[in-house]
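The values are calculated or read from the model by the stated rules, or taken from the named source; none is laboratory data. Keep in mind that this is a model prediction, so the values were computed, not measured. Cβ: placed from backbone, ideal geometry, glycine included. Neighbour counts: every protein chain shown. The area values use the complete protein model at the heavy-atom level, side chains included, leaving out ligands, DNA and RNA. Shrake-Rupley method; radii C 1.70, N 1.55, O 1.52, S 1.80 Å.
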Amino acid sequence: MQLTDSVGRNINYLRLSVTDRCNMRCFYCMPKEGVVNRGHDAVLSYEELQLIAESAVGLGIEKIRITGGEPLVRAGIVDFLARLSSLPGLRHLALTTNGLLLADMAKELYQAGVQRLNVSLDSLNPETFSEITRGGDLKRVLDGLDAAEKAGFPPPKINVVIMRGVNDAEIMSFVEMTRLRGSSIRFIEYMPVVRDEGWQRFCISGEEILQRIAASYQLEQVDKGPFAGPSRDYRIPGAVGSIGIITAVSGHFCSECNRIRVTSTGQAKGCLFSDEKTDLVPFLRPPDRDTLAQVLRGIVSNKPERHGISCNSYEHQNFSMAQIGG
Ligand code: SAM
Ligand code: SF4
């Protein structure tokens, strides 16, 4: 079954957040004091999250990415993933993590049936990494990447948010990883969600990132896999790994958007940057599968055609990416 929105986009991808808590504090994602501590009941139970997943897959969602906050800090996550991975109709189960706990958990995640990991890694320099993440330990993340490959995962996709004056000088070091390590690097435009004073200075377009790489290397375009997101993918001829550019802010994105999102408190969103959300809790407590399916279908039907943000203007309220799941 295909799930299609009002402008004909095939919606086959659900980003499902399991927590808004995190063991890092990336400055572009959340305030330094972390997110507001919610009561225990505010966060959906695994049974409720599973109900949403089942309903979405029943409607035509084929790929689920588990995200957060940091999904690996939630107790019981491995058992939950194992249950999800055996959901009939779900073709692809992926997880996005900051990698801090990966060295210890990679093997059980693989055994639970997670097919692909995305690891966020914004700097290869321990000091810069610690500054961006407000205290994160780069070595633990690098150990996590090694552990993931040893456990049997394909090389994790590495998500790098590029910010001018912060880590843009490292673009070519990440590019080298596609040649030397076979890594798939995805450069993500900085999105103004936590707008501290002077946030505009961090903005750097995907086009500029690409031009900087193209000044040193010829790039060939790479065909997308069946569950690829809206990144434009390239490869240095002969390299095993690829280079993706995710221009979430500057454009080229909305017309190919194939996703909906559900937060850990049960708020469903058709667009990351829309202030509109639908509370799924009334259809989970107690469970009402029929209405839940109808409501999810409605979120797809009403998915905005495009977002209205840019690095010059924004029309959404401030939010923390950790509360939505990126
Ligand atoms: N904690 C996990 C992680 O960091 O991978 C998963 C959640 S995190 C919110 C998901 C993704 O959102 C990460 O790749 C992160 O870099 C990205 N992200 C968070 N805030 C962002 C921002 N302001 N601009 C661009 N990407 C952002
Ligand atoms: Fe945590 Fe991920 Fe947000 Fe960084 S980007 S603070 S690791 S949720």
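Here are the numbers:
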{"item": "Solvent-accessible area per residue, Å², over the range 13-324 with all protein chains present [probe radius 1.4 Å]", "result": "43 Å²"}
{"item": "Trypsin sites (Lys or Arg not before Pro) restricted to the range 51-94 and DSSP loop, no more than 15 other C-beta within 10 Å", "result": "ARG91"}
{"item": "Along principal axes, Cα extents of the chain, largest first, whole Å", "result": "56, 43, 41"}
{"item": "Alpha-carbon centroids, the range 6-30 and the range 40-93: separation in whole Å", "result": "13 Å"}
{"item": "Qualifying GluC sites (Glu not before Pro) for the range 176-244 [loop in DSSP, other Cβ within 10 Å: at most 15]", "result": "GLU197"}
{"item": "Filter on LYS32/LYS150; LYS63/LYS303; LYS107/LYS157; LYS139/LYS224; LYS107/LYS139; LYS32/LYS107 - keep pairs with C-alpha separation over 23 Å", "result": "LYS32/LYS150; LYS139/LYS224; LYS32/LYS107"}
{"item": "Folded to 0 to 90 degrees: helix 171-180 orientation relative to the chain principal axis, Cα", "result": "90 degrees"}
